[in-house]
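Q: Please find one structure pasted underneath; my questions will follow.
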Amino acid sequence: MRRLLLAFALTFGMLVLTPSPSWACSCAISSTPQQVRGAVTVASGTVDWTATDGQTRTYKVDFDAVYKGSVAASEKLGTSASEASCGVSDLATGKRYFFFIDGQHPGAMRIGLCSGTTPYADALARQITSITGPPGKPLATTDSSTPATAGGGNGHARAFALGAGGLLLLVAITALAIRRRT
């Protein structure tokens, strides 16, 4: 019985505490109407600056038109720092883009490689306008202090919680086995 319990504890511990494989980003090709429907907010704006901590990337964007949802005149958009994790990593400062955003003001606003963020083009603006109607103006507020959340941020917390739970279970089983031995 003890051996079975020990084998179970070791197997469970290895499953929980072993790092999981990372999966590469894989996007299905979406049409512009699908991207508009899938986004909470669609807006155009110019990238002011970008910053990264290695895990996440933040873009500060000055918005000029809102096609769907709501954004302030200036917002921070979060994404994964790596394209392999579906992050948007190649937006140039000073350049105008269409952003298909998961979230709206106020709140966390995320963009991803698969969402459709793309350089601004008049033809695309006409296509989006035919779907959403004429664009509105961004909100007058300049409160963009809400932290941006990149995709995948909860994965590390979940892995830590599972690992901690597995470790506690292993300690409890070991304590129970020692207690039964004495």
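The values are calculated or read from the model by the stated rules, or taken from the named source; none is laboratory data. Fair warning: this is a prediction, and the values are worked out from it, not measured in the lab. Note that each Cβ is placed from the backbone with ideal geometry, even for glycine, and that neighbours are counted across all protein chains shown.
Q: Which is closer than 19 Å to CYS114 by Cβ and buried (at least 17 other Cβ atoms within 10 Å of the Cβ), of LYS68, LYS60?
A: Details: LYS60 fails: closer than 19 Å to CYS114 by Cβ.
Testing whether each residue is closer than 19 Å to CYS114 by Cβ and buried (at least 17 other Cβ atoms within 10 Å of the Cβ) leaves just LYS68.
Q: Next up: Hey, could you check the range 90-116 for residues that are polar (S, T, N, Q) and surrounded by fewer than 22 Cβ atoms within 10 Å (Cβ to Cβ) and say which is modelled with the lowest pLDDT?
A: Restricting attention to the range 90-116, the residues satisfying the condition of being polar (S, T, N, Q) are 93, 104, 115.
After this cut, where a residue has to be surrounded by fewer than 22 Cβ atoms within 10 Å (Cβ to Cβ) as well, the list is 93, 104.
Details: THR93: 96, GLN104: 86.
Once the filter is applied, the top-ranked residue is GLN104.
Q: Given the conditions (1) touching a strand residue (DSSP E or B) at 6+ places or on another chain (Cβ under 6 Å); (2) modelled with pLDDT of 95 or more, and given that THR129 satisfies all but one, which numbered condition is not satisfied?
A: Only one criterion in (1) touching a strand residue (DSSP E or B) at 6+ places or on another chain (Cβ under 6 Å); (2) modelled with pLDDT of 95 or more is unmet by THR129, namely (1).
Q: Any chance you could count how many residues in the range 132-182 are of a type in the set (Lys, Arg) and at pLDDT 85 or above? Don't jump to the end; show me each part of the working.
A: Kept after step one, since they are of a type in the set (Lys, Arg), are these residues of the range 132-182: 137, 158, 179-181.
After this cut, where a residue has to be at pLDDT 85 or above as well, the list is 137.
Final tally of qualifying residues: 1.
Q: Check GLY87, GLY54 and return the single one that is at pLDDT below 95 and surrounded by 17 or more Cβ atoms within 10 Å (Cβ to Cβ). Working first, answer last.
A: Working: GLY54 fails: surrounded by 17 or more Cβ atoms within 10 Å (Cβ to Cβ).
After applying the criteria, what remains is GLY87.
Q: Out of the residues in the range 73-84 that are small (Gly, Ala, Ser) and surrounded by fewer than 21 Cβ atoms within 10 Å (Cβ to Cβ), state the one that is nearest to TRP49 (Cα to Cα).
A: Filtering the range 73-84 for residues small (Gly, Ala, Ser) gives 73-74, 78, 80-82, 84.
So of that shortlist, the ones also surrounded by fewer than 21 Cβ atoms within 10 Å (Cβ to Cβ) come out as 73-74, 81-82, 84.
Numbers: ALA73: 15, SER74: 11, ALA81: 14, SER82: 17, ALA84: 22 Å.
Restricting to residues being small (Gly, Ala, Ser) and surrounded by fewer than 21 Cβ atoms within 10 Å (Cβ to Cβ), the top hit is SER74.
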